[in-house]
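Written below as structure tokens is the structure these notes are about.
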């Protein structure tokens, strides 16, 4: 969708070749069909956000059940098996179905706006990523039919979010739970890699004129780094999952001890993915913070090149520290020392970011609005999580902390105090842009304080629990170990945190319908997304902006005449090219993803043995699903990458009659 | 602009304060002392001490940095905040972009701080890896093997009697590891099924038991003591209740214990004349799910409790014990458990040759007394979900009447 391509556009008068009905482009602008066929990065981003927040609540309920079980010693809220399911699904859900897609929501919605693009590079691939993510989420959660509807042999995954072999083997987990987990993660991997490739191509190729790499907003930079991390790290887990699937279904022995397999191999493959994954969760958050702090300090980011470089540096080092999750696996002295030192090294670029955030605020005018509150909460909480992280890098001390509640405290400070706080800040920050309404300061700050207090009351005592020897993933504990009070306080805190999240969402939903309307650029923003009306029109930018400085919109606001003159020239040039080029909607990415869903369910929910009837279902559904995916991809390619042109009146509304101008420009 | 009247705010504050008082009353606020049985903050041996000292280094370094950075951050937030709306709308501050000297200085300072942590880390990695060269000769070796969900301890250097003919086998015990105090103990860790992890916090950090991997580590207890341990790697349904104990004894006590362990199981002579049928046995009370099976009395002096357990039970009933011994074979307990000298040679479950001298049942889970032991053999599934003994009961349709439970309990407790 390159709007500056020098291709001759067909005009309306030209004969439009008759399309076969099957290939007619969907035209729905509202209703269910419009959502299933949308290729608009903003609508896709919104859907990512909605699904992510739904699963955030699901994961939250799972967490509350865990805390209810542990509130008192020898708790009886959950059975052992159900508790194990809860912590497995809580981890998997929060990482893959809440934080990652919520970050993806911002990548989708905000990143193209920040670089002055009208959409991502491959709009239909973007839709495919979204729906494949949904398919993966369904497969991952389909095992709940077991406990909820009493279907034998079907359980939600219960072998830990990290699925250590050989516990995941058919011998030790004979039901279907691990199969759902394997296939669910595989589909999520497909979705993540497709989306990441899309973002990389978009950021490299679709920047507005003048938007050099070193003028990119930091959030876009972190999107780019994160996308590279996903593309490079997911293959490791994909391979591991394929091997596990083969072990479980086809009798291979990658991890099967009796056949000479090596369970330790799983750990290496998993953490080669798993540690970069940690940065996949935190780098977008750092990007959001690096947008919010300058805006609300009314100053540019302190040391932009160093912040960008340290982000990339964290990304690189993230691939060199995976074995610090394995300090207790007997790696020997040299390997342990190497991974300990590499882990310490990663504290430097991370610390640099914190210094620069403080530097950004120093000498500024801090507007203590709700997004800023969450952002400052992030800096404080992330600092605490970072310091306990440094403690873990001291390998011998870590052998005491590993798999104890100290680790739970550490990574919740990083993932809630870090990632979630930043994402909640981002929702507040960009809400006026997305929906043209603003959350009330009182309710926003109230939800912040409840969340902040609840979070600390929940997780700070866990440091003490861990140091006092409480291992994680335990469904019960005896009252004579000194863990009662800290667990009780943590559970109370968890319910307060839950209340805070409930208030947060209630306020968001209220604001969506009834909130105070705001005009363009309510925060006095610095980056291009604030230069467009809210909610943003489908074409984003009436005229593709020309960028002159790092804080592009801040520059525009201070050089209005120069910008206005440039705009006039650019608008005329674009009109001469035939107007604003928009991609057609398409149902085929959705169809392709539906096929993957059928494969996902078919290949996991039935037995792989020849002497049981299930094998016909397994084979049949897998083939059917594969066929549906192929059909989707086939028509997706047949319908071509065409689009239509929009012509705008002076209010930015598309002129009637031109809206569905089926131009056949080959771009 | 206030959206909520101030009296409402005050009422809310009162409510929260009152509620927290109610919720927190009766709580023991000493948890910050971290002095539990499994505390990592109390080192009772050189390995744990080395790890704890390193922890303190990391703790102090990060605390100092936190106070410095946090102090600057707090000052920045206070000093530069907009105090009024007019302040917010004022002319923006100078649009400065950074200061390379400050950046480089801070990076240098961070690297220095990390060096302070790195040096003792490296020292401790090499120290905790294996028994120091000078003490290798003095080291005592045992092998710990993880099973779903219990631990087997093997003493490769000790040959135990299997039968009266003098056949020997390495000494094997279950769930309670007895070691000599003041001597380095080198522990080989193995597993027969999934990954487990061996962790006795007061003596040392954990080491994973991984299939196809010959891991080892070492620890040493400064002085005689009774230590709590637990599996630290999620290993399936009953991971939380896979626990164990370590008992460190001085040289003399250890030798005495070993002497006794090497012998055959204790046999109690059955009474010569048949006894009249005993009075009907009352059913054991019901237990709640996950009900506590340990007593405070035991915790007060666990080592003494362990010593007391070495002596013969006070009110033994030889007739009952004989009946229990027969049941042990009749109910096929011997298919999985060994009792050396009593003809039981099973290897899938813990060795029970001197079971009566142990302080716990079900892998360090509940106390080894008549009530708790009966609770375990009556319905192992309710104590430890998913365990193999419960599965064997189901597969082989094994049921135990109240009288049989009592007889088996008496027999097992007689195995001193």
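All of the numbers you see were taken from the coordinates with simple rules; none came from a lab. Everything quoted here is computed from the prediction, not taken from an experiment. Here Cβ is always computed from backbone atoms with ideal geometry, including for glycine, and neighbour counts include all displayed protein chains.
By the Kirkwood approach, averaging reciprocal distances over each pair of separate Cα atoms, chain B gets a hydrodynamic radius of 25.6 Å. When the alpha-carbon atoms of the stretch A:226-297 are used, the pair Rg, Dmax equals 17.9, 62 angstrom. Take each residue of peptide B:192-199, count the partner chain Cβ atoms within 10 Å of its Cβ, and average: the result is 5.
What angle do you read, to the nearest 10 degrees and between 0 and 90, between the alpha-carbon axis of helix A:370-393 and the longest principal axis of chain A? Taking the Cα atoms of chain A, the angle to A:370-393 is about 40 degrees.
What shape does the stretch B:223-264 have by the C-alpha gyration tensor, where a ≥ b ≥ c are the square roots of the eigenvalues, rounded means a/c under 1.5, and otherwise prolate means a/b greater than b/c and oblate the rest? Judged from the Cα gyration tensor, the stretch B:223-264 comes out oblate (a/c at least 1.5, b/c at or above a/b).
Once the Cα atoms are used to define both axes, helix A:263-297 deviates from the longest principal axis of chain A by about 50 degrees. With only Cα atoms counted, the stretch B:176-307 has Rg and Dmax values of 19.5, 57 Å. Peptide packing for A:639-648, B:228-237 was compared via the average number of neighbouring C-beta atoms within 10 Å per residue; ordered from the highest value, the list is B:228-237, A:639-648.
Taken residue by residue and averaged, Cβ atoms of other chains lying within 10 Å of the Cβ of B:57-63 number 5. Ordering B:382, A:323, A:531 from the fewest to the most neighbouring beta carbons within 10 Å gives B:382, A:531, A:323. Sorted largest first, the spans of the alpha carbon positions of the stretch A:508-667 along the three principal axes are 78, 41, 32 Å. In terms of the mean number of neighbouring beta-carbon atoms within 10 Å, the peptides B:103-109, A:118-124, B:115-121 order highest first as A:118-124, B:115-121, B:103-109.
Each peptide among B:341-350, A:454-463, A:519-528, A:276-285 gets the average number of other Cβ atoms lying within 10 Å of its residues, and from highest to lowest they stand as A:276-285, A:454-463, A:519-528, B:341-350. Distance between the modelled labels on residue A:445 and residue A:513, one decimal in nanometres: 2.7 nm (7 Å Cα→Cβ projection). Dividing the helix sum by the residues of chain A, where each DSSP H run of 4 or more adds -39500 (n - 2.57), gives a mean residue ellipticity at 222 nm of -21000 deg cm²/dmol.
When the P(r) of the stretch B:318-416 is calculated, the portion above 19 Å amounts to 34% of the C-alpha pairs. Taking 0.36 nm per residue of separation and subtracting the current Cα-Cα distance, fully stretching the chain between residue B:223 and residue B:169 would add 16.5 nm.
Over all Cα atoms in the stretch A:77-229, the spread is summed up by Rg and Dmax: 18.8, 61 Å.
Let me know the shape class of the stretch A:484-592, please: from the alpha-carbon gyration tensor, a ≥ b ≥ c as square roots of the eigenvalues, rounded when a/c is under 1.5, otherwise prolate if a/b is greater than b/c, or oblate. Prolate, because a/c is 1.5 or more and a/b exceeds b/c. Once the gyration tensor of the Cα atoms in the stretch A:417-518 is diagonalised, the equivalent ellipsoid follows with semi-axes of 36, 12, 10 Å, ordered largest first.
Quick check: the distance between the Cα centres of the stretch A:500-578 and the stretch B:338-405, to the nearest angstrom? First find each Cα centre; the distance between them is then 71 Å. Remark: the stretch B:261-351 projects, on average over all directions, an area of 8.9 nm² (convex hull of Cα atoms). In plain terms, the residue of B:299, A:403, B:208 with the fewest other Cβ atoms within 10 Å comes first and the most crowded comes last, giving B:299, A:403, B:208. For the stretch A:553-611, the extents of the C-alpha atoms along the principal axes are 78, 30, 10 Å, listed from largest to smallest. Here, chain A is characterised by an Rg to Rh ratio of 0.97, where Rg is the alpha-carbon radius of gyration and Rh the Kirkwood radius.
What FRET efficiency comes out for residue B:136 versus residue B:330 if R0 is 41 angstrom and r is the Cβ-Cβ distance? Round to the nearest 0.05. Given R0 = 41 Å and the Cβ-Cβ separation, E is 0.25. Residues A:616, A:275, ranked from the fewest to the most other C-beta atoms within 10 Å, line up as A:616, A:275.
Simple spin-label estimate for residue A:573 and residue A:57 gives 4.8 nm between the two label positions (7 Å along the Cα-to-Cβ direction from each Cα).
Assuming R0 = 25 Å, can you tell me the calculated FRET efficiency for the pair residue B:267 and residue B:379, based on Cβ-Cβ distance, to the nearest 0.05? FRET efficiency, residue B:267 to residue B:379: 0.30.
The alpha carbon gyration tensor of the stretch A:98-138 gives principal lengths a ≥ b ≥ c with a/c of 1.5 or higher and a/b no greater than b/c, which makes the shape oblate. Helix B:251-262 axis versus longest C-alpha principal axis of chain B: approximately 50°, rounded to the nearest ten. Normalising the Debye intensity of the stretch A:192-276 to I(0), with uniform scatterers on Cα atoms only, and taking log10 at q = 0.11, 0.14, 0.17, 0.24 Å⁻¹ returns -0.45, -0.60, -0.73, -1.06. Viscosity 1.306 mPa s, temperature 10 °C: what is the translational diffusion coefficient of the stretch B:30-174 from Stokes-Einstein with a Kirkwood Rh over Cα pairs, rounded to a whole number of µm²/s? Value of D from the Cα-based Kirkwood radius: 72 µm²/s. Put the Cα centre of the stretch B:225-267 next to the Cα centre of the stretch A:380-451 and the gap is 42 Å.
Legend: mean number of C-beta atoms from other chains within 10 angstrom of residue C-beta atoms, peptide A:167-177, equals 2.
In percent, rounded to a whole number, the relative contact order of chain B is 15, using alpha-carbon pairs under 8 Å and six or more apart. Plainly put, the stretch B:58-142 has a radius of gyration that is 1.33 times its Kirkwood radius, both from alpha-carbon atoms, as the Rg/Rh ratio. For the stretch A:203-355, the convex hull spanned by the alpha carbon atoms encloses 130 Å³ per residue. Between residue B:64 and residue A:607, the FRET efficiency estimated from the beta carbon spacing at R0 = 51 angstrom works out to 0.30.
When the Cα centres of the stretch A:143-194 and the stretch B:170-210 are compared, how far apart do they sit, in Å? Cα centres, the stretch A:143-194 to the stretch B:170-210: 31 Å.
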